[in-house]
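Okay, so here's the structure we're looking at.
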Amino acid sequence: MIFEDDTHDDEPCYIISVAAKLVRLHPQTLRYYERLGLIQPSRSAGNVRLYSSRDIIRLRKIVRLTDELGLNLAGVEVILRMGERMKELQREMELMQADLEMEINRLHSLLRQERVSGPHERS
């Protein structure tokens with residue numbers, strides 16, 4: 001069984017018929033989603049579509065957005081791209097936060113050194 005937590009699993013292992021059963025869609029629908037660019041399964045050496053757990057999770061999200069929320073595929077595409085962009089921005093913010101924390105620690109260290117060694121005369 002595939003859970004939302006398994007997003008680290010990028011190993012392509014499900015052929016299209018198995019992937020279609022897992023998400024309760026027709027294989028032709030998966031091909032259509034691929035043509036639209038909503039999903040990009042890997043290909044085997046024999047050009048067979050192979051879906052990863054991450055692909056299955058994405059397909060389930062597409063099904064949820066279309067079936068439960070009534071979005072059309074253009075809306076789904078917008079939401080998926082917005083989600084990807086939000087993840088990118090979150091990663092950038094985390095990097096910036098780490099950089100700022102290092103700078104704050106560096107400045108705190110300089111202040112401590114200044115207090116220990118005393119003020120320097122300025123010319």
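Scan segment 34-59 for residues that are more than 14 Å from residue 9 (Cβ to Cβ) and surrounded by fewer than 20 Cβ atoms within 10 Å (Cβ to Cβ) and jot them down.
Answer for segment 34-59, where residues must be more than 14 Å from residue 9 (Cβ to Cβ) and surrounded by fewer than 20 Cβ atoms within 10 Å (Cβ to Cβ): 34, 35, 36, 37, 38, 40, 43, 44, 45, 46, 47, 48.
Could you pull out the residue among 59, 69 that is out of contact with any strand residue (DSSP E or B) (no Cβ under 9 Å at 6 or more places or on another chain) and without any contact (Cβ under 8 Å) to a residue 60 or more places away in the chain?
The conditions single out 69.
Which pairs do you get when a residue that is part of a loop (DSSP other than H, G, I, E, B), found in segment 27-44, comes within reach of a residue that is among the aromatic types (Phe, Trp, Tyr) and modelled with pLDDT of 95 or more, reach meaning Cβ atoms under 9 angstrom, with the pair 6+ apart or on two chains?
38/32; 39/33; 39/51; 41/14; 41/51
What is the number of the single condition among (1) closer than 15 Å to residue 16 by Cβ; (2) touching a residue at least 24 places away in the same chain (Cβ under 8 Å); (3) assigned to a helix (DSSP H, G or I) that residue 50 does not meet?
With (1) closer than 15 Å to residue 16 by Cβ; (2) touching a residue at least 24 places away in the same chain (Cβ under 8 Å); (3) assigned to a helix (DSSP H, G or I) applied to residue 50, the lone miss is (3).
Could you please let me know if residue 57 is among the aliphatic types (A, V, I, L, M) and part of a helix (DSSP H, G or I)?
Yes; evaluated as a whole, the condition is true for this residue.
Given the options 118, 70, name the one that is at pLDDT below 95 and on the phi > 0 side of the Ramachandran plot.
Exactly one of 118, 70 is at pLDDT below 95 and on the phi > 0 side of the Ramachandran plot, namely 118.
The values are calculated or read from the model by the stated rules, or taken from the named source; none is laboratory data. All values reported here derive from a predicted model rather than from experimental measurement. Here the Cβ is made from the backbone with ideal geometry for all residues, glycine too, and neighbour counts use every protein chain on show.
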